[in-house]
1. For residue A:130, only one of the following conditions fails: (1) facing another protein chain (nearest Cβ under 9 Å); (2) touching a residue at least 60 places away in the same chain (Cβ under 8 Å); (3) assigned to a loop (DSSP other than H, G, I, E, B). What is its number?
2. Can you tell me which residues in the range A:160-170 are more than 13 Å from residue B:94 (Cβ to Cβ) and assigned to a helix (DSSP H, G or I)?
3. Quick check on this structure: which one of A:92, A:102, A:108 is surrounded by 21 or more Cβ atoms within 10 Å (Cβ to Cβ), within 14 Å of another protein chain (Cβ to nearest Cβ) and closer than 21 Å to residue A:29 by Cβ?
4. Out of B:81, B:73, B:51, report the one residue that is over 21 Å from the mean Cα position of the chain (by Cα) and over 19 Å from residue A:149 (Cβ atoms).
5. Please give the number of the condition residue A:229 fails out of (1) away from chain B (no Cβ under 14 Å); (2) within 26 Å of residue A:144 (Cβ to Cβ); (3) in contact (Cβ under 8 Å) with a residue 24 or more places away in the chain.
6. Name the single residue that is farthest from residue B:365 (Cα to Cα) among those in the range B:184-203 being more than 14 Å from every other protein chain (Cβ to nearest Cβ) and surrounded by fewer than 20 Cβ atoms within 10 Å (Cβ to Cβ).
7. Limited to the range B:231-251, what total is found for residues that are assigned to a strand (DSSP E or B) and touching a strand residue (DSSP E or B) at 6+ places or on another chain (Cβ under 8 Å)?
8. Conditions: (1) more than 20 Å from residue B:243 (Cα to Cα); (2) at the interface with chain A (Cβ under 9 Å from one of its Cβ atoms); (3) surrounded by fewer than 23 Cβ atoms within 10 Å (Cβ to Cβ). Residue B:125 meets all but one. Number of the miss?
């Protein structure tokens with residue numbers, strides 16, 4: 001008599017979903033990983049694609065390739081639109097086929113987050129964010145095109161607006177984007193134009209908080225702020241963005257004419273909470289239990305940016321490390337249930353530390369009691385990021401690209417490619 | 001008294017336009033290069049982007065970067081819409097600014113060619129071609145998505161159509177695309193799917209002619225045909241394509257259901273002839289004189305795929321070598337006029353030979369009396385193409401990518417990236 005092999009459906013091929021899939025490699029289950037895109041993206045380096053340092057292919061790997069040798073696992077390109085937890089099915093649109101019902105025995109929701117405009121969804125059209133490769137490519141096209149248009153623009157006010165770049169939100173993404181643009185105008189673009197001087201671009205970083213990188217120690221925020229000023233970034237703190245439209249942004253009570261406003265502030269979780277109709281926190285993230293399952297559904301796990309779990313009285317941050325550790329925990333947990341072993345102890349996040357880059361040769365690092373800023377922190381950042389890039393082929397390619405960009409100030413992928421509509 | 005420095009306007013940053021601009025590096029003129037895109041593309045390798053071997057950034061360089069150190073030259077991103085040859089102005093749309101008038105003293109039109117559907121423009125929507133990076137990226141998305149959809153498709157007929165790839169036209173591009181897809185399904189994609197077998201894909205190459213690669217010697221056409229058969233490509237000769245729609249193509253009197261039809265047949269010149277209102281050949285290419293100028297306009301040069309010139313009673317072919325040699329000739333010619341030297345002798349094309357790749361390790365080569373097919377020809381192909389890639393950074397990157405793909409069967413850029421609409 002053959003026993004039916006249980007199916008673990010994982011939704012989302014980000015850090016959490018991929019870690020869960022890999023942890024089930026030797027488990028006596030079948031695994032189906034569903035994602036809207038065909039690739040895993042190394043999100044912490046998206047800003048380098050947006051600023052033309054790296055090519056999209058250098059920070060992304062096809063999910064099928066990553067899991068090709070894992071024979072119990074298949075991959076499906078599809079868009080989940082709902083969950084029927086009573087009959088244990090998810091509802092998926094895949095290609096031309098809508099409303100496909102896929103049965104699961106275990107379900108892992110690792111569906112991440114998108115941008116939150118804090119109730120101002122009308123900003124979205126004028127201030128795109130940076131979550132996917134498509135976002136990063138669009139932003140790259142947009143930034144490069146702004147300089148192209150500035151070069152032919154006769155009207156000085158319009159030229160100024162084309163050469164003004166506003167980042168809304170001074171977390172790691174905002175700081176990294178602002179400093180990367182600052183480095184780009186001073187190095188790569190320096191000799192490329194005849195009528196404009198890219199160096200004269202205005203790069204403005206805005207936040208409501210008192211300091212940038214609010215999740216870091218105050219001394220590191222200050223080090224980052226000083227470095228940003230050195231790079232020529234105009235850092236405006238304790239200022240709220242009142243309005244964003246096609247002509248720019250209103251920051252505090254000042255209107256800043258700008259053709260490039262980039263949203264690096266809030267994130268909003270995926271609709272996993274709505275699909276499940278379960279308890280969510282204020283931000284909309286699914287409240288999960290210490291074993292990462294949902295109340296009354298021991299077969300449904302929710303992990304990463306779309307989950308809400310407190311540890312020592314504070315909610316876990318929405319970072320890659322949390323998602324990866326949770327993904328591995330879920331894999332192990334299912335594995336133990338399948339093999340009749342005792343359950344795992346409750347999940348505990350181990351914080352290895354935080355890093356943020358500020359331009360060339362400079363990063364801030366906080367890990368346990370260690371606080372570090374400057375070149376050494378930047379070296380640590382480069383080493384860690386290379387180690388984490390999912391495939392060895394990517395690792396080499398990024399390494400050589402960085403050395404090349406570092407030495408030559410040439411960038412890897414300074415292309416404007418506007419796709420035609422798909423047929 | 002200062003003399004006004006003459007302005008040479010070059011339209012098009014392909015092989016011809018770029019060669020002309022570089023040849024004017026030390027000339028006592030100002031040069032303005034206008035192109036619709038911000039980069040020069042190495043067109044002979046576009047098929048490798050479409051089949052995920054190379055990333056777009058590996059075969060394209062920003063024009064501004066290529067000409068950054070050439071101080072008499074500036075670059076403009078713009079779309080030429082007309083020419084007023086009486087007052088010596090071109091009309092350009094650049095960014096938000098339409099109908100900009102740019103005065104020239106010399107004009108070089110190197111505006112290339114697009115696809116010709118031989119009077120069947122309704123085919124264009126269903127059978128895209130391969131002329132730009134955007135074309136290649138769209139095709140890459142399309143081919144990869146077809147396999148993704150086939151993996152979830154239950155209906156065997158629809159699955160078959162998703163896994164059928166039809167190339168219309170057995171010139172170098174058609175042969176290279178067909179053989180590259182054949183290699184891809186047998187190597188890279190081999191272990192990636194669970195429900196479909198990529199190897200079972202139908203790859204069909206259609207042409208009206210009696211043999212593929214009609215510009216090569218018959219013995220080489222036959223070698224290529226045999227190699228294509230070995231790779232599993234279904235080569236259908238002396239067959240006309242009657243119809244192409246969303247469901248496939250009608251070839252001869254057979255309907256081939258296919259979700260991917262790729263147009264690799266005819267090319268149509270740019271509208272340069274219409275802009276000038278001058279004498280054109282049957283295909284619409286501008287008839288030029290032996291010094292590459294247009295009748296009655298010694299200040300207007302037309303070169304490359306958009307020009308028509310006979311040599312020894314036969315029209316010059318539309319290949320990169322002709323465009324490059326003509327570009328260099330124009331640069332020298334203007335240089336000599338500026339420095340009061342005697343005019344150049346009439347232009348003569350020196351044919352260094354032709355190459356086409358058929359899958360991995362195999363190419364055909366024809367140069368003077370030399371005819372070669374097989375691995376050695378493929379090595380020559382690889383060396384020549386690397387040498388020609390415009391920037392040294394590209395050269396290294398492509399070299400390592402080829403070695404990596406060759407050894408590991410992994411491809412560089414197997415990503416589906418659908419851009420959102422530009423804001």
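Readers should treat all values here as calculations from the given coordinates under stated rules, not as data from a laboratory. Everything numeric in this text was worked out from a predicted model, so none of it was measured. All Cβ positions, glycine included, derive from the backbone under ideal geometry; neighbour counts span all protein chains shown.
1. Just one mismatch for residue A:130, condition (1).
2. Result: A:160, A:161.
3. Details: A:102 fails: surrounded by 21 or more Cβ atoms within 10 Å (Cβ to Cβ); A:108 fails: within 14 Å of another protein chain (Cβ to nearest Cβ).
Selected residue: A:92, the only one of A:92, A:102, A:108 that is surrounded by 21 or more Cβ atoms within 10 Å (Cβ to Cβ), within 14 Å of another protein chain (Cβ to nearest Cβ) and closer than 21 Å to residue A:29 by Cβ.
4. Every option except B:73 fails the conditions.
5. The one condition residue A:229 does not meet is (3).
6. First, pick out the residues of the range B:184-203 that are more than 14 Å from every other protein chain (Cβ to nearest Cβ): B:186, B:199-203.
Filter once more, so that each one left must be surrounded by fewer than 20 Cβ atoms within 10 Å (Cβ to Cβ): B:186, B:199-200, B:202.
Working: B:186: 25, B:199: 28, B:200: 30, B:202: 27 Å.
Checking each candidate, the answer is B:200.
7. 12
8. Against the list (1) more than 20 Å from residue B:243 (Cα to Cα); (2) at the interface with chain A (Cβ under 9 Å from one of its Cβ atoms); (3) surrounded by fewer than 23 Cβ atoms within 10 Å (Cβ to Cβ), residue B:125 comes up short only on (1).
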